[in-house]
1. Counting only protein heavy atoms, what percent of the accessible surface of the chain is carbon or sulfur at a 1.4 Å probe?
2. Karplus couplings for segment 243-249 from phi (6.51 cos²θ - 1.76 cosθ + 1.60, θ = phi - 60°), rounded to Hz, Gly and Pro as x?
3. What is the calculated FRET efficiency for Met158 to Glu276, with r their C-beta to C-beta distance and R₀ = 51 Å, to the nearest 0.05?
4. Determine, for each peptide in 284-292, 14-22, the mean count of other beta carbons within 10 angstrom over its residues, then list the peptides with the highest first.
5. Give the relative contact order (percent, whole number) for the chain; include only Cα pairs under 8 Å separated by 6+ residues.
6. Contact order normalised by length for segment 151-206, with contacts defined as Cα pairs under 8 Å and 6 or more residues apart; what percent is it?
7. Report, largest value first, the span of the C-alpha coordinates of segment 63-184 along each principal axis, in whole Å.
8. Using Cα pairs closer than 8 Å and at least 6 residues apart in sequence, work out the relative contact order for segment 248-319, in percent.
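The values are calculated or read from the model by the stated rules, or taken from the named source; none is laboratory data. Here the structure is a predicted model, which is why all the values come from computation and not from measurement. Heads up, the Cβs are rebuilt from the backbone with ideal geometry, glycines too, and the neighbour counts pull from every protein chain shown. The accessibility values were calculated without ligands, DNA or RNA, using every heavy atom of the protein model including side chains. Shrake-Rupley method; radii C 1.70, N 1.55, O 1.52, S 1.80 Å.
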Amino acid sequence: MYSTLEQKYRRLRQELIAGGITLGGVFLLGTLWYRVVEGWGWLDSAYMTVITLSTVGYQEVRPMGDRARLFSISLIFMGIISIGYIVNRFTEALIQGYFQDGIRMRQQKRLLDSLTKHYILCGFGRTGRQIALEFKAEGIPFVTIDSRLEQVQAVQEMGCISVQGDATLDETLLNVGIERAICLVAALPSDAENLYIILSAKTLNPKIRAIARASTEEAVQKLQRAGADAVVSPYITGGRRLAAAALRPQVMDFVDGILTGTDRSFYMEEFLLDPETCPCVGKTLRDARLRSQTGAMVLAIRRDSGRLIAGPDGDTKLIPGDLLICMGTADQLRELNQILGPIRSNLLRLPKPK
């Protein structure tokens, strides 16, 4: 499936090629006529055809009878039509910027081919737009897929990579490097489409982390059964957050302040303990001295079994596979990153210092 822009570009290229072939056919026809019918030499035939098609007005190569002159008139009309068609298509290409679009498409293709450990965002509606803004604020490499050309152009105006296509198709996901991606977010308004996307993504890359949007509780269960690692319902989650904002406004302001935005003082990050690279595995939090060395706080620990330890004390032992949820300033978390291994990459995803 080609995007609207690609379809226009391919159509224009095909029309230009067709015009060139037609003009070449007219030239060949004229040369063969003068050579075979009139009995001229090849050079005279080709020369006469060129000056006739170009309408430059040179004199006739050899004296011509009525038959040759009638054919030359027909040849002039065919040449004018063919050249006019090519000029018209070429002018349209210049005015509408098809050549520039072709260059941009090739550049985008090279960028897509070079992406690794990136995120894929399917859908750029109201929810997808906010997700894209958060990804951009965090400096995360990501590519957006949307079937609407205006939405694709809106993402590109943000300075991000966007592809027009149907995200439910395997071909589209392969074009954006699904096999090299580490996370996919299905944010389309249709639960059925999000279900197709999750199924395709998990089939093409079983290791990818898949997150889906759901409109109903039933859709949440189906998406989870399809393999989604996390399912978020804007309506359910939004209702809970509205209730929490009404009951505990200061708590919600604090949580929002450390989870989103670019003007934060504090941040939260996840760290996965790898026994091969982390020297703290096997130690207690007190012996690891993470707080005293970096200033960052360990808010919770999720064991490899799924058990969550909230507010761990100093006697809590760090074991392989533990996931540490930590909070601190950007500098504190960077220092902590030098001691622990981040969950998804070798670089901590934090905004640059101001």
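1. Answer for the chain is 57 percent, counting heavy atoms of protein chains only.
2. After applying 6.51 cos²θ - 1.76 cosθ + 1.60, I find 5, 5, 5, 6, 8, 9, x Hz.
3. Here the calculated transfer efficiency is 0.85.
4. 284-292, 14-22
5. Computed over the chain, the figure is 11 percent.
6. About 33 percent, as a whole number.
7. Here the Cα extents, ordered largest to smallest, are 78, 26, 23 Å.
8. 26
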